[in-house]
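As structure tokens, the structure follows; a few thoughts come after it.
The values are calculated or read from the model by the stated rules, or taken from the named source; none is laboratory data. This is a predicted model, so every value here is computed, not measured. Here the Cβ positions follow ideal geometry from the backbone for every residue, glycine too, while neighbour counts run over all protein chains shown. These accessible areas exclude ligands, DNA and RNA; they are computed on the full protein's heavy atoms, side chains included. Shrake-Rupley method; radii C 1.70, N 1.55, O 1.52, S 1.80 Å.
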There are 2 protein chains.
Amino acid sequence: MAEERVLYEGKAKITYATDDPNVVRLYYKDSATAFDGKKKGTIKDKGPINSAITEVFFKLLEKAGVATHYIDRPSDREMRVKMLRMIPLEIVVRNVTAGSLAKRMGIPEGTALSSTILEYYYKDDSLGDPLLCESHIHALEICSKENLAKIGKTAFKVNEVLTPFLAQRDIKLIDFKLEFGFDSEGEILLGDEISPDSCRLWDAKTNEKMDKDRFRRDLGQVEEFYAELNRRITS
Amino acid sequence: MAEERVLYEGKAKITYATDDPNVVRLYYKDSATAFDGKKKGTIKDKGPINSAITEVFFKLLEKAGVATHYIDRPSDREMRVKMLRMIPLEIVVRNVTAGSLAKRMGIPEGTALSSTILEYYYKDDSLGDPLLCESHIHALEICSKENLAKIGKTAFKVNEVLTPFLAQRDIKLIDFKLEFGFDSEGEILLGDEISPDSCRLWDAKTNEKMDKDRFRRDLGQVEEFYAELNRRITS
């Protein structure tokens, strides 16, 4: 067998080519970064936990009719997925104010929103991933109006599926980030991962943070909370 | 007659009460500020120029079916307008990249856009007037979905009316900012001003800036360009 070729190494995952040009293999690392890579560290067992949680979510979403890039999970750190041409947008769905929204609007973190917020960020580290309005996305030809509408609809659907699933496990879905791409047939699929690295997840009873904010904000017990989250979601 | 009461003093205008509770009088000052008030100065005759230009634009827009707060202009620095309950949004329409958009997206200033951009900023100096997505505006109950759609439609209409009017006078309308409010009957009217303080206006032949960027960026000949703009628009 030919040596595996690294297509891309990101902050949390390595993407390898496979024998099939339409399939890539993701390797989930334990390394963690925050604030555009300014803060770096390791969260022990984050790789297996994030890939296990992503697998649960993607299988659940597929059942609910959301097309994802997920194929299978050959080992605890590896996921085979469909090769996508990524759309350079981060789609953020928010049910409760936290993080940048709380800061941007001067609203206390934890304030419930009267309706779900959908945000678009342009995925470009050199520009600091700026927030975009819909018309920016059209005018700058990042994504067509029709495809953006489809993505927005899917993002709301993901929220509708994950919120009750997590509530049953005493977890509040505060907000989450999605990324989408086109497969070889031009279909838009949900890509990347859905994990405590890309979501805010709070304990429903104590409001304790069970996600990457523990690492970002030096709240301690990072690994313990990732492990507890993993138990509640995957078992 | 009773002494006139100042209702509000802003960076460029003073708002006075009148005998009619539904009418206020705006006094256009020569003072100029930029960068959230960090830069301060005076542009000689800015008051009369901006009120004269605003009068021309608002009369033109009224004729085209856009409802504005404009009543009349009793003197060269004064404008009588309908009292509005302002919506705390700055609506920005962009035809060509410039200013914050150029910086935010790393695109050279002066790049034509494939379609018009409509941006929403939350009017709050203490937060630095943050950019908002539509769903922020709904979820944070700043403005209803219906009213926001109406405002967006009006903003595009203003662009359609002003762009050819200015082009006939060898002026390119690069971008502009609008503010809206509710009158005593709950109707949404276009308020504030439309002037070289709130628009980017470039000479169509030379691309020279004829607006407040001359002050913001210390480009010199600020008063000469305001006067030339005034001649082209009001004569």
>> Over chain A, with a Gaussian network built from C-alpha contacts below 10 Å, which listed residue (A:GLY106, A:GLY65, A:GLY152) shows the highest mean-square fluctuation?
In response: A:GLY106
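What does the charge count near A:ASP203 come to, summing +1 for each Lys or Arg and -1 for each Asp or Glu among other residues with Cβ under 11 Å from its Cβ? If you can, show how the numbers build up before the last one.
Details: positive: A:ARG169, A:LYS172, A:LYS205, A:LYS209, A:ARG232; negative: A:ASP170, A:GLU208, A:ASP211, A:GLU228.
Its environment carries a net charge of +1.
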> Non-local amide H neighbours of B:ARG169 (under 5 Å, H modeled in plane, Pro and chain starts lacking H): which ones?
Replying inline: none
>> Under a Cβ-only charge scheme (Lys and Arg +1, Asp and Glu -1), can you give me the dipole magnitude of the protein assembly as shown about the Cα centre, in debye to the nearest 20?
In response: 340 debye
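Of the chymotrypsin sites (Phe, Trp or Tyr not before Pro) in segment B:16-122, which ones lie in a loop per DSSP and count no more than 15 other C-beta atoms within 10 Å? Show your work: numbers first, answer last.
Details: sites: B:TYR16, B:TYR27, B:TYR28, B:PHE35, B:PHE57, B:PHE58, B:TYR70, B:TYR120, B:TYR121, B:TYR122; in loops: B:PHE35.
Answer in residue order: B:PHE35.
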>> Please give the charge dipole size of segment A:80-235, origin at the Cα centre, charges +1 on K and R Cβ atoms and -1 on D and E Cβ atoms. Round to the nearest 20 debye.
In response: 380 debye
> Which one of B:ARG169, B:ARG104, B:ARG73 has the biggest mean-square fluctuation once chain B is modelled by GNM with Cα springs under 10 Å?
Replying inline: B:ARG104
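Between the DSSP loop rule and a limit of at most 15 other Cβ atoms within 10 Å, which trypsin sites (Lys or Arg not before Pro) in segment B:206-235 are left?
Details: sites: B:LYS209, B:LYS212, B:ARG214, B:ARG216, B:ARG217, B:ARG231, B:ARG232; in loops: B:LYS212, B:ARG217.
Within segment B:206-235, the qualifying trypsin sites (Lys or Arg not before Pro) (loop, at most 15 other Cβ atoms within 10 Å) are B:ARG217.
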> Average partner chain C-beta neighbours within 10 Å, per residue of B:131-143?
Replying inline: 6
> Which whole number in µm²/s is D for segment B:2-82 by Stokes-Einstein, with the Kirkwood Rh taken over Cα pairs at 4 °C and 1.567 mPa s?
Replying inline: 96 µm²/s
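Per residue, how much space in cubic angstrom lies within the convex hull of the C-alpha atoms of the protein assembly as shown?
Numbers: hull volume 84.8 nm³, N = 470.
Cα convex hull per residue, to the nearest whole number: 180 Å³.
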> Taking the alpha-carbon centroid of each part, what is the distance from segment A:55-72 to segment B:11-29 in angstrom?
Replying inline: 59 Å
> Stokes-Einstein D for segment B:30-178 at 37 °C, 0.692 mPa s, Kirkwood Rh over Cα pairs, in µm²/s?
Replying inline: 191 µm²/s
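Mean residue ellipticity at 222 nm from the helices of chain A, using -39,500 (n - 2.57) per DSSP H segment of n ≥ 4 over the full residue count, to the nearest 500 deg cm²/dmol?
On the way: 6 runs with 71 residues, N = 235.
Helix-only estimate at 222 nm: -9500 deg cm²/dmol.
When the accessible area of chain B is split by element with a 1.4 Å probe, what percent falls to carbon and sulfur?
Values: 5290 of 10800 Å².
On chain B, the fraction of accessible area on carbon and sulfur atoms equals 49 percent.
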> What average number of partner chain Cβ atoms lie no more than 10 Å from the Cβ of the residues making up A:98-105?
Replying inline: 3
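Add +1 for every Lys or Arg and -1 for every Asp or Glu among the other residues with Cβ under 15 Å from the Cβ of B:ILE174, and state the total. Mind showing how you got there, number by number?
Values: positive: B:ARG94, B:LYS103, B:ARG169, B:LYS172, B:LYS177, B:ARG200, B:LYS205, B:LYS209, B:LYS212, B:ARG214, B:ARG216, B:ARG217; negative: B:GLU109, B:GLU119, B:ASP170, B:ASP175, B:ASP197, B:ASP203, B:GLU208, B:ASP211, B:ASP213.
Result for the local shell: +3.
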> Looking at A:SER114, A:LEU190, A:ILE174, which one has the Cα that reaches farthest to the positive end of the dipole of segment A:107-207 (charges on Cβ: Lys, Arg +1; Asp, Glu -1)?
Replying inline: A:SER114
> For B:LYS205, which lysines qualify as cross-link partners when the Cα separation must be under 21 Å and same-chain residues fewer than eight apart are set aside?
Replying inline: B:LYS172
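Charges only on Cβ, +1 for Lys and Arg, -1 for Asp and Glu: so what's the dipole of segment B:2-82 about the Cα centre, in debye to the nearest 20? Kindly include the intermediate steps, with their values, before the conclusion.
Details: 16 positive and 13 negative charges, 88 e Å.
So the magnitude is around 420 debye.
In segment B:21-73, which trypsin sites (Lys or Arg not before Pro) fall in coil by DSSP and have 14 or fewer other Cβ atoms within 10 Å?
Values: sites: B:ARG25, B:LYS29, B:LYS38, B:LYS39, B:LYS40, B:LYS44, B:LYS46, B:LYS59, B:LYS63; in loops: B:LYS29, B:LYS38, B:LYS44.
Hits after loop and neighbour filter: B:LYS38, B:LYS44.
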> Taking N as the number of residues in segment B:99-235, what is its Cα Rg relative to 2.2 N^0.38 Å?
Replying inline: 1.14
> What is the distance in Å between the Cα centres of segment B:171-206 and segment A:98-161?
Replying inline: 27 Å
> How big is the A/B interface in buried accessible area, both sides summed, 1.4 Å probe, to the nearest 100 Å²?
Replying inline: 2100 Å²
